[in-house]
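These notes are about the structure you will find just below.
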Amino acid sequence: MNKQAASNIFKLLLVAIITYGLYLSFFKPLSVENDLLPAIAYFTIQSNILVVLALVFFLFANHGNRTTAVARGGAMIYILVTGLVFHFILVPGLPEYFAEGVTFRHHITHTIAPIGFILDWVLFDRKGLMRYSDLKYWIIYPLLYWIFTIIHGRISGLYPYFFMDAGAIGFAAVLTWFFALTAFFSILGLIIIRLDNMAFFSLNKKFR
């Protein structure tokens, strides 16, 4: 089996399992705080959908160009944040919801999706195409998500995450979380760009 075939098979398998995780999440809401919110309101669900769309795009796109590199970097930041925030903030911060452990569907959308997408990048992507200027594009979606969620929450009183609930933790705390997570997105983006351009990955630079 050549590398291109292996890449396609890996992507298809990843699309299948993430889609299954999304199916479970839509029919059994993901919420750890408020079941009144639809699954699509959660960054987890949206980032997993973006990963599936990106993988499908990579299957048919002209591989190894700037467009695929920008799409890859953005989707990778979003799904990494999904996994890291879940495992290091939500699970420890809301132990009452995870007393019996993390369920399989949560692992699909918060563990398998991030790890699988990173592996797909490391193993199969052409490297050296990402630029530091890409960061300004990658940060747009998280900012829009935050703004929309805060406005919707102020109107409905429903928030998908405790760190967005100004009524519960105060506006100053929400702003602190906002700046902290924005910095986190940016730092992750810078790390990804740096890794993409490191000599360590040079063996993959000519692939595709």
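Computed from the coordinates by the stated procedures, all read-outs in this text should not be read as laboratory data. Remember, it's a predicted structure, so these values are computed and weren't measured experimentally. Note that each Cβ is placed from the backbone with ideal geometry, even for glycine, and that neighbours are counted across all protein chains shown.
Relative to a virtual label point 7 Å from the Cα of residue 132 in the Cα→beta-carbon direction, which members of region 61-88 show backbone nitrogen distances below 17 Å?
Flagged as within label range: none.
If I model a spin label as a point 7 Å beyond the Cα along the Cα-Cβ vector, how far apart are those points for residue 16 and residue 144 in nm?
Using points 7 Å along Cα→Cβ, the separation is 3.2 nm.
At q = 0.16, 0.18 Å⁻¹, what is the log10 ratio I(q)/I(0) for the chain, with the Debye formula run over Cα points and no solvent?
-1.09, -1.31
Using alpha carbon centroids, what distance separates region 41-84 and region 89-145, in Å?
10 Å
Across the chain, how many lysine pairs, 8 or more apart or on two chains, come within less than 25 Å at their alpha-carbon atoms?
11
Between residue 88 and residue 173, what FRET efficiency comes out of the Förster formula 1/(1 + (r/R0)^6) with R0 = 25 Å and r the beta carbon distance, rounded to 0.05?
Efficiency computed from Cβ-Cβ geometry: 0.90.
Considering the options 25, 42, 56, tell which one lies farthest towards the positive end of the dipole of the chain, charges being +1 on Lys and Arg and -1 on Asp and Glu at the Cβ, about the Cα centre.
Comparing the listed Cα positions along the dipole, 56 ranks first.
Which helices, taking whole DSSP H runs in the chain, have alpha carbons extending 30 angstrom or more along the helix axis plus mean Kyte-Doolittle at least -1.0?
3-27, 171-196
Pull out the extension gain between residue 180 and residue 65, defined as 0.36 nm times the separation in residues minus the alpha carbon to alpha carbon distance; nm, one decimal.
That works out to 38.2 nm of additional length.
Charges only on Cβ, +1 for Lys and Arg, -1 for Asp and Glu: so what's the dipole of the chain about the Cα centre, in debye to the nearest 20?
Roughly 1080 debye, rounded to the nearest 20.
Please give the FRET efficiency for residue 191 paired with residue 27, using the beta carbon to beta carbon distance and R0 = 30 Å, rounded to the nearest 0.05.
Working from the Cβ atoms, E equals 0.25.
Could you order peptides 153-163, 113-123 by the average number of other Cβ atoms within 10 Å of their residues, highest first?
Result, highest mean first: 113-123, 153-163.
Highest mean first, what order results for 10-19, 131-140 on Cβ atoms within 10 Å?
10-19, 131-140
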